[in-house]
Structures are given as C-alpha cells and as structure tokens.
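Here is the structure we will look at.
The values are calculated or read from the model by the stated rules, or taken from the named source; none is laboratory data. As the structure is a prediction and not an experimental result, all values here were calculated from the model. Positions of Cβ are generated from backbone atoms using ideal geometry, with glycine treated the same way; all protein chains shown enter the neighbour counts.
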Amino acid sequence: MMRQKYLRIIFWLFLLTLPFQSAGFIDCTGLADFKPDNENANGLLYVLDNSNDSVYVFEDVDNLSGDQDPVRTISGDNTLIKDPQALAIDSTRDILYVLDAAQDAVLVFTRASELDGDEDVTRSFPIDGNPQSMSYDSSNDRLYVSDVANESILVWDDVSLAADNAGPNRIFDIGYIASTILVDPVNDALYVGDPDLKSVQVYLQPGGSSGTVNPDRSIIKSITNEDDPEDVEEFESIDALAVDTSDNVLFVADGQNEKVDIFESAFFLEGELEPDRQLLGDASLVTDEIKFLLFSDSKLYGVINDNQVAIWGDPDNLEGDIAPTRIINIKSANRIIAIDVDI
C-alpha cells in the first residue's frame, strides 16, 4: 500500500510538470511574440507587387544587392490578394497586413515569415469605401487606413487580436483625399499628405480621434528663388513619407519635383518652411517614378521604380546628389508599390 501511495504521488508530480493543454484550453503564451527558429534569417524584406498581386519575401535584408529572386512568394486565390495597395509587418507577433482595394479589406496573415505560395488568409477586416494607404503603430498595436472615398482615416485598436470581419474602432474625417499616411508611434503623431493644400498635415494623438478632426499643424514646403522672388518651390506631389522617430527627421518624396525633402525637428514644425536638406540628382536615382519610402534600422529605403529598391546608409545626413548604398533589382516584379522589413 505504501509503495502504491508513493507511485501515485510521483505520477501526479510528473503531470504537473507538463504544459496544461487539456480539452477546451489552448496555451497561447508563445503566440503573441511568435518568432521562427531561424531568427528571420538575418532580416526579411517584404515587397508588394500590385501588378502581379503578390508579396515577395527576401532574406538577409542587410546584405541584399543586385539581381534577386524572392525566397518565397505569397500569391494566389486563397490569399484573396487581387489589387493590393499597401502592406505592413508586425515584427513582434509575426503578422502580415495587406490592404487590398479589390476586396475593400485589410487581409491578415499570421506566421508571416513562414508563408509561401497560395496561403489562406487568416482574417480580414472589411472597409466600406476605397482604401488606399496604411500604416501600423507597433508600439500600440494600432492600424491606420486611409479611405479616399469618404476622405477619412480608419483606426483599429489591438489589431493583432481583432476578430475576423472586425470593423474599425474609430473613424475620423479629414476632409480631403490623403495621398499617403504615416504614423510616428514615438511622438504619437500621424502624418498625412494633403494634395489640395500641398502640405503634410500633422495630427497629434490620432489613436483617440473620431468625428471631424482638423490637423494640429501643417508642414508646407516653400523655397524662394533668390533671383526671382515670385518663383517659389512647393510640394508638387507627396508620394511617400518616412520618419526617423528617434532623431525626429521627416522624409517626404516629391516625385514631380524629383526630390526627397528632409525636415529636422519634424514633430515641432509648422507653416511655410524650407527643408533642411534635399536628396536629388542623377546619382540619387530619385525621379518621378519614386513610390515609397521607409526608414528602418538607420537606413532609408526607397521604391525608386517598378522593380528596384534603393537603400541609403546614414540617411539623417543625406544631402544633394548622393547615390544609394545598395540597389536591389527584383527580377520577378512588374510594379512594386510598397515594402516593409522585419529586422
């Protein structure tokens, strides 16, 4: 009897050391911060091809250069990707968000770094309008989408946990068609391209905004020709935005002027201003084909045409005709419109 008692005690102690996964219980403690075993293969580059309805994935982003084929391609009927407009990566939870105009929805893919081929979409968030731009706030797990049909910004809180078919938590009206949007999670600001007023509008604490909202500040490019005071250079197009959140530097791609305007102390700027620096010239490869900017890991990435991504090192000191540090030629691409990285 005594021996049986000890055996029962040892048996129950053994059970208590096992993960608790009985029926009706799922241990999700590892899913919120899921990372693959290969530690993202030294960083991943995600490239959105609007023409081929595809997301291309490349490994070792810090060393990519020259002609490249993707290591994986996410595309096909099951993905629901038909007319993609934007993408964003949640690196912490390994989630890929794709904004699709044909579906009028945000398409959500979990375990993004493992996806390959015609993968099933995990969830989707429908949009009653015409979505065009998207930006993800990783610090607050919040997603922003511009709806140009309704001239508004849609906001999803705790988006990684949102249920399938979840609508936005808030909608705020801006009263113009946004050319592009970019969230600055460090300074809690949203930058929006305003083609009507040729300005970058700044909205503070946008995560709590709803209803009709006026911008808190406006950044307006104004460079007067010293030889002709009536000749003033303005934003002709605001095609893309990027921000160095730690040093508070804003990058604005103005394709029609074939320049990237660089503003320091961006969070505090207001009114008509000259940029502190400009990236321009033949060597820079900045032309009217520029489509997208991204600041990440002390580098500036730019989609400079339909199949090339340029990378500049030390972007906070860029000025003048500076050639990219590296150029990636994406052989399979027909029309790149956005990128993101998972470092």
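How many of the residues making up region 113-137 are touching a Lys or Arg at 6+ places or on another chain (Cβ under 9 Å) and either in a strand (DSSP E or B) or among the small types (Gly, Ala, Ser) (or both)?
3
Answer with yes or no whether SER75 is among the hydroxyl-bearing types (Ser, Thr, Tyr), touching a Lys or Arg at 6+ places or on another chain (Cβ under 8 Å) and at pLDDT 95 or above.
Judged against the criteria, SER75 is not a match.
Looking only at region 50-81, count every residue that is of a type in the set (S, T, N, Q), in contact (Cβ under 8 Å) with a residue 24 or more places away in the chain and not in a loop (DSSP other than H, G, I, E, B) and tell me the total.
5
I need every pair where a residue in region 107-120 that is without any contact (Cβ under 8 Å) to a residue 60 or more places away in the chain and charged (D, E, K, R) has its Cβ under 8 Å from the Cβ of a residue that is part of a strand (DSSP E or B) and surrounded by 14 or more Cβ atoms within 10 Å (Cβ to Cβ), sequence separation at least 6 or different chains.
Hits for this filter: ASP116/VAL57; ASP116/ARG72; ASP116/THR73; ASP116/ILE74; GLU119/ILE74; GLU119/PHE109.
Taking the criterion of being surrounded by 13 or more Cβ atoms within 10 Å (Cβ to Cβ) and closer than 12 Å to ILE290 by Cβ, would at least one residue in region 227-237 satisfy it?
yes
Checking the conditions here, which among VAL155, VAL145, VAL159 is more than 16 Å from PHE109 (Cα to Cα), surrounded by 16 or more Cβ atoms within 10 Å (Cβ to Cβ), modelled with pLDDT of 95 or more and out of contact with any Gly (no Cβ under 8 Å at 6 or more places or on another chain)?
VAL145 is the lone residue from the list that is more than 16 Å from PHE109 (Cα to Cα), surrounded by 16 or more Cβ atoms within 10 Å (Cβ to Cβ), modelled with pLDDT of 95 or more and out of contact with any Gly (no Cβ under 8 Å at 6 or more places or on another chain).
In this structure, does VAL121 turn out to be of a type in the set (A, V, I, L, M), on the phi < 0 side of the Ramachandran plot and under 18 Å from the mean Cα position of the chain (by Cα)?
So VAL121 does not fit the description; no.
For region 330-343, what are the residues that are in contact with a Ser or Thr (Cβ under 9 Å, 6 or more places away or on another chain) and either free of Cβ contacts under 8 Å to residues at least 12 places away in the same chain or of a type outside the set (A, V, I, L, M) (or both)?
Passing the criteria: SER332, ASN334, ARG335, ASP340, ASP342.
Specify which of the listed residues (ASP116, ASP120, ASP128) is under 17 Å from LEU87 (Cβ atoms) and surrounded by fewer than 21 Cβ atoms within 10 Å (Cβ to Cβ).
ASP116
Would a scan of region 319-328 turn up a residue that is closer than 27 Å to THR73 by Cβ and under 14 Å from the mean Cα position of the chain (by Cα)?
Within region 319-328 (the criterion being closer than 27 Å to THR73 by Cβ and under 14 Å from the mean Cα position of the chain (by Cα)), the answer is no, since none of the residues qualifies.
Taking SER179 as the residue in question, decide whether it is on the phi < 0 side of the Ramachandran plot, over 15 Å from the mean Cα position of the chain (by Cα) and of a type outside the set (A, V, I, L, M).
Criteria not met by SER179.
Go through (1) closer than 21 Å to GLY320 by Cα; (2) acidic (Asp, Glu); (3) modelled with pLDDT of 95 or more; (4) in contact with a strand residue (DSSP E or B) (Cβ under 8 Å, 6 or more places away or on another chain) one by one and return the number of the condition ASP282 breaks.
Only one criterion in (1) closer than 21 Å to GLY320 by Cα; (2) acidic (Asp, Glu); (3) modelled with pLDDT of 95 or more; (4) in contact with a strand residue (DSSP E or B) (Cβ under 8 Å, 6 or more places away or on another chain) is unmet by ASP282, namely (4).
Could you tell me which numbered condition ARG277 fails, if it satisfies all but one of (1) over 23 Å from ASP342 (Cβ atoms); (2) of a type outside the set (Phe, Trp, Tyr); (3) modelled with pLDDT under 95?
Going through (1) over 23 Å from ASP342 (Cβ atoms); (2) of a type outside the set (Phe, Trp, Tyr); (3) modelled with pLDDT under 95 one by one, ARG277 breaks only (3).
Do we find that PRO84 is touching a Phe, Trp or Tyr at 6+ places or on another chain (Cβ under 6 Å) and modelled with pLDDT of 95 or more in this structure?
no
Looking at region 280-315 only, could you name the residues that are small (Gly, Ala, Ser) and farther than 26 Å from ASP342 by Cα?
Passing the criteria: GLY281, ALA283.
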